[in-house]
Amino acid sequence: MTGKKTAAERAETMAVREAHALPVDKLAAYLAQHLEGFAPPLSVVEFRGGQSNPTYKLSTPAGAYVLRRKPPGKLLPSAHAVDREYRVMAALGPTNVPVPRTYLFCEDAEIAGTPFYIMEYLEGRIFWDATLPGMTRPERADIYDAMNEVIARLHGIDHAAVGLIGFGRPGGYVGRQIARWTKQYRASETEPNEPMERLIEWLPANLPADDETTIVHGDYRLDNMVFHPTEPRVLGVLDWEISTLGHPLADFAYHCMLWRMTKDSYRGLIGHDLGSLGIPSEEEYVAAYCARTGRSDLAHWDYYMAYNMFRMAAILQGIMGRVRDGTAASAEAARTGTLARPVAEAGWAQVEKMAG
């Protein structure tokens with residue numbers, strides 16, 4: 001980029017790491033041909049956030065874009081699905097679920113080294129700390145209410161009406177996810193994890209009989225959305241890599257793990273005085289979702305919590321596996337990967353809670 005970067009830009013981006021280098025001239029020539037309104041010169045920096053797919057801010061005299069691509073190197077089967085991210089965001093663009101505008105998807109690995117897509121760069125705020133330091137009580141309450149409203153909207157979208165037939169298989173979502181993440185966990189395993197082994201055995205043997213199908217984000221959390229610069233309004237939900245058709249309560253329970261985990265086990269809220277902060281309790285937050293979605297209660301809630309902690313532990317182990325293989329996209333990956341065991345322990349604690 002030319003000129004001095006703002007403090008916010010310095011915080012969110014860094015120079016492109018050598019392992020993630022892009023052929024900038026080749027990329028610029030391609031975008032000049034295929035992206036309406038694009039004109040070089042092009043400068044590129046890498047976003048600091050994100051563990052899975054390297055993500056870049058592309059700057060030109062006329063404006064900025066975001067490029068997201070598969071990482072280079074050996075990859076797990078079905079992981080890093082940038083094509084799915086692009087498809088679901090393009091489908092949701094005309095709906096009331098806020099997503100960045102999508103511009104193009106390129107499968108040709110010759111252009112940027114791996115398949116990639118280009119989307120809108122949203123100028124706004126990303127919150128990394130769930131306690132929202134520096135905000136007033138009403139401001140925190142409004143941010144949480146905005147998150148709640150957007151996930152309720154997502155679960156109300158008719159996937160067939162927006163062209164997402166075949167985006168996933170209807171029915172049996174949680175069982176398939178348990179099998180999938182068990183396989184991914186095994187492929188990334190680096191050390192014994194006893195609570196994970198117990199979850200792998202218990203979860204498929206105790207699947208709830210209820211079944212529903214909606215679009216699910218799969219990783220819906222505070223730091224995966226861009227908020228308006230000054231208003232408590234979500235401008236765009238990011239990181240749709242593991243979105244599919246699935247059970248809405250499994251998706252919502254993932255989002256609500258925040259209330260069941262400590263700040264040391266993946267930035268949770270346990271240990272904070274939520275009332276003084278203006279952050280709703282888990283019960284209040286669930287009630288708001290139920291009101292928006294027309295539900296009377298959330299059946300099998302603790303099961304879905306245990307399942308999601310298992311799944312999060314598998315995702316974290318996948319990050320550690322990428323550290324082992326040298327393909328991790330984030331400099332923080334090694335530290336993040338060490339959380340796999342405590343998150344699995346939290347998952348087994350949910351099972352013990354159900355057992356009384």
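Which value, to two decimals, describes the C-alpha radius of gyration of the stretch 214-282 once divided by 2.2 N^0.38 Å?
It is 1.22.
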Karplus-derived HN-Hα couplings along the stretch 285-291 (A = 6.51, B = -1.76, C = 1.60, θ = phi - 60°), whole Hz, x at Gly and Pro: 5, 5, 4, 5, 5, 4, 4
Which angle between 0 and 90 degrees, to the nearest 10, do you get for helix 301-325 versus the longest principal axis of the chain when only C-alpha atoms count? 40
Please list, in order along the stretch 223-234, the HN-Hα scalar couplings obtained from phi with the Karplus expression 6.51 cos²θ - 1.76 cosθ + 1.60 (θ = phi - 60°), rounded to whole Hz, x for Gly and Pro. 7, 9, 9, 9, 9, 3, x, 10, 9, x, 9, 7
To the nearest 20 Debye, how big is the dipole of the stretch 137-354 about its Cα centre, given +1 on the beta carbon of each Lys and Arg and -1 on that of each Asp and Glu? 440
Using the alpha carbons of the stretch 7-120, what is the convex hull volume per residue in cubic angstrom, as a whole number? 121
Please list log₁₀ I(q)/I(0) at q = 0.07, 0.10 Å⁻¹ for the chain, using the Debye equation with identical point scatterers on the alpha-carbon positions. -0.30, -0.62
Output wanted: per-residue J couplings in Hz (rounded whole) for the stretch 146-160, from phi through Karplus 6.51 cos²θ - 1.76 cosθ + 1.60, θ = phi - 60°, x for Gly and Pro. 5, 4, 4, 4, 5, 5, 5, 4, 4, 6, x, 6, 7, 4, 5
Residues whose built amide H sits under 5 Å from the amide H of THR244, excluding neighbours closer than 5 in sequence, are VAL216
Would you mind counting up the charge near ALA109? Only other residues with Cβ under 10 Å from its Cβ, with Lys and Arg at +1 and Asp and Glu at -1. -1
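Using +1 on the beta carbon of Lys and Arg, -1 on that of Asp and Glu, and nothing else charged, what's the dipole of the stretch 7-120 about the Cα centre, debye to 20? Intermediate values should be presented prior to the final figure.
Numbers: 12 positive and 12 negative charges, 61 e Å.
About 300 debye.
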In the stretch 264-356, the GluC sites (Glu not before Pro) that sit in a DSSP loop and have at most 16 other Cβ atoms within 10 Å of their own Cβ are GLU332
When the Kirkwood radius is taken over all Cα pairs of the stretch 232-356, what Stokes-Einstein diffusion coefficient follows at 37 °C and 0.692 mPa s, in µm²/s? 204
Per-residue [θ]222 nm for the chain (sum of -39500 (n - 2.57) over DSSP H runs n ≥ 4, rounded to 500): -12500 deg cm²/dmol
Give me the angle, in degrees from 0 to 90, between the Cα long axis of helix 82-92 and the longest principal axis of the Cα atoms of the chain, rounded to the nearest 10. 80
Lys/Arg +1, Asp/Glu -1 at C-beta; the chain dipole; positive extreme among LEU122, TRP301, ALA334: ALA334
Between 0 and 90 degrees, rounded to the nearest ten: what's the tilt of helix 24-34 against the longest Cα principal axis of the chain? 90
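Quick note: the coordinates plus some simple rules give every number you see, no bench work behind them. Fair warning: this is a prediction, and the values are worked out from it, not measured in the lab. Neighbour counts run over all protein chains shown; Cβ positions are idealised from the backbone, glycine included.
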